[in-house]
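Nothing in this text is a laboratory measurement; each read-out follows from the coordinates by a stated rule. In this text, all values refer to a predicted model and were calculated from it rather than measured experimentally. Counting neighbours? That spans all protein chains shown, and the Cβs are built from the backbone with ideal geometry, glycine included.
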Amino acid sequence: MKPIKVGVWFDQKLLSGGGYQQSISSATLISRVTKELVSPIYFTPFNENILPLEAQGLNVHLIKLPFLITVLLKLQLLFSRLGYFRPLKKLFFSNIFENKLLKYDIDLVYFLSPSPLALCLNKLNYVTTVWDLAHRDDVEFPEIRCDGIFEGREKICHRTLPKATAIIADSVLGKNNLIKRYGIDSGRIYVIPFSPGHVSNFEKFKDTSFDVANYYQLSTPYIFYPAQFWAHKNHVYILEGIEALERIYGIKIGAIFSGVDKGNMPFIQKRANELNLLERIIFTGFVPDERLYHLYKQSLALVMPTYFGPTNIPPLEAFSLDVPVLYSDKAGLKEQVGNAALLMDLHQPASMAESIHKLLQNPKIADRLKKNGRKLLSEYDKDRLSTLEPIFVDFQRRLSCWQ
């Protein structure tokens, strides 16, 4: 049987942060599938993605999507149950997106990230990715409740998941939630954990120098949190934890927050000012990998009190760089880090203060966390390729029935 031509859709931008890095990781994983089974062709709608993907040795093509298709997708999500909308879907969606892929003789489409474009496919089968079901797990946050985000995500899940050849979930918890909430057949869900594939780039920065404290004029040690400024990232918890550390233990530290504003940064800056911490909190915006490497390496710890999961990339980056991790004590999230992190009670910022105090008082704790982190990371990547390949083996056999 001939190899399957897989069209790999890469629609994340660099400034999307973890989503971009996870897509890079998944893209390179597909490139490792045996060539007798898969012949991947990578597509992106963004010019700026071409060079980074080519640097990974990937065969990349640009497919520009007209603005109209974005508008129609939103209409499709809002009015999908209205019969008169179906001709519009057939006319615009299939002829614009699917036919562009068919010109490359694609057999199967692989969406590296959650995408409503799966709604556009009538002839082509697809594999789709579900990073999380946070819109169901944590419905309270404004980024879920506003602008029809919850309704949009629900309709995408209900309409695209049952028709998928395979669904990639990040964890066993994620798989179980897909089965429970959307009635998906368990045999079509494959658990492939997140992987910090880009951390191999960090190796080349080992011999570079960057004095974080001097550059940012820090007078205290700092903890690090790379995250976009969404409310669910819970930056405010870190501020309150720093205040508790000084109030309870008399220890002064600062924090460096990297990431772009998604609407919540003014609130975090206001809260830092109210706690008299503003001079100790650094907001870097987006940083390139070289600076990211040094921000990790010179920090006391990665502190990540996020509500969303169940898996996230920063703990894996920290493990790879021997940086201690403090992480959310929340179902699903804590299973990601096991015994390689100190867990924080999200109801009690003082628990963050207590953990940092332990790290500073007892270096053996940090050493233990680093050792456990390295061990966990070494086990993390073992089964990713062996889980992915059976999807293509099964589809190749089925494809032979009509090609």
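Of note:
- Legend: residue pairs Lys262/Lys297; Lys123/Lys175; Lys5/Lys64; Lys64/Lys103; Lys206/Lys262; Lys64/Lys163, Cα-Cα distance threshold 23 Å; pairs beyond threshold, Lys262/Lys297; Lys123/Lys175; Lys206/Lys262; Lys64/Lys163.
- Exposed GluC sites (Glu not before Pro) absent - longest run of the chain, DSSP non-H/G/I/E/B, at most 13 other C-beta within 10 Å: 141-403
- Dipole magnitude of the chain about its Cα centre (Cβ charges: Lys, Arg +1; Asp, Glu -1), debye to nearest 20: 1200
- Formal net charge of residues neighbouring Asp322 (Cβ-Cβ distance under 14 Å; K, R +1; D, E -1): +4
- Calculated FRET value between Lys364 and Ala55, using beta carbons and R₀ = 35 Å, to 0.05: 0.30
- Dipole magnitude of region 124-281, debye to nearest 20 (Cβ charges: Lys/Arg +1, Asp/Glu -1, about Cα centre): 520
- Under a 5 Å amide H cut-off, with hydrogens placed 1.01 Å from N, Asn59 pairs with Tyr42 among residues at least 5 apart or on other chains.
- Database remark: amide H of Val191 closer than 5 angstrom to the amide H of Ala169 (H placed geometrically; neighbours at sequence offset of 5 or more, or on other chains; Pro and chain starts carry no H).
- In order along region 120-129, the Karplus-derived 3J(HN,Hα) couplings, from 6.51 cos²θ - 1.76 cosθ + 1.60 at θ = phi - 60°, round to 7, 8, 10, 8, 8, 7, 8, 10, 10, 10 Hz, and Gly and Pro are given as x.
- Rounded to the nearest 20 debye, dipole of region 199-380 from Cβ charges on Lys, Arg, Asp, Glu: 240
- The trypsin sites (Lys or Arg not before Pro) found in region 144-212 that occupy coil by DSSP, while having at most 15 further C-beta atoms within 10 Å, are Lys163, Lys206.
- Cβ-Cβ distance of Lys2 and Tyr216, R₀ of 56 Å, FRET efficiency by 1/(1 + (r/R0)^6): the value works out to about 0.50.
- Rounded to the nearest 10 degrees, the angle from helix 265-274 to the longest Cα principal axis of the chain is 10 degrees.
- Value of [θ]222 nm, deg cm²/dmol, for the chain, DSSP H segments ≥ 4, -39500 (n - 2.57) each, nearest 500: -12000 deg cm²/dmol
- Positive-end residue, the chain charge dipole about Cα centroid, Cβ charges, pick of Val236, Ala318, Pro390: Pro390
- Rounded tilt (10° steps) of 384-399 against the dominant C-alpha axis of the chain: 10
- The chain: angle of helix 67-79 to the longest principal axis, Cα-based, in degrees nearest 10: 90
- Each Cα pair under 8 Å and six or more residues apart adds its sequence gap; the mean of these over the residue count of the chain is a relative contact order of 15 percent.
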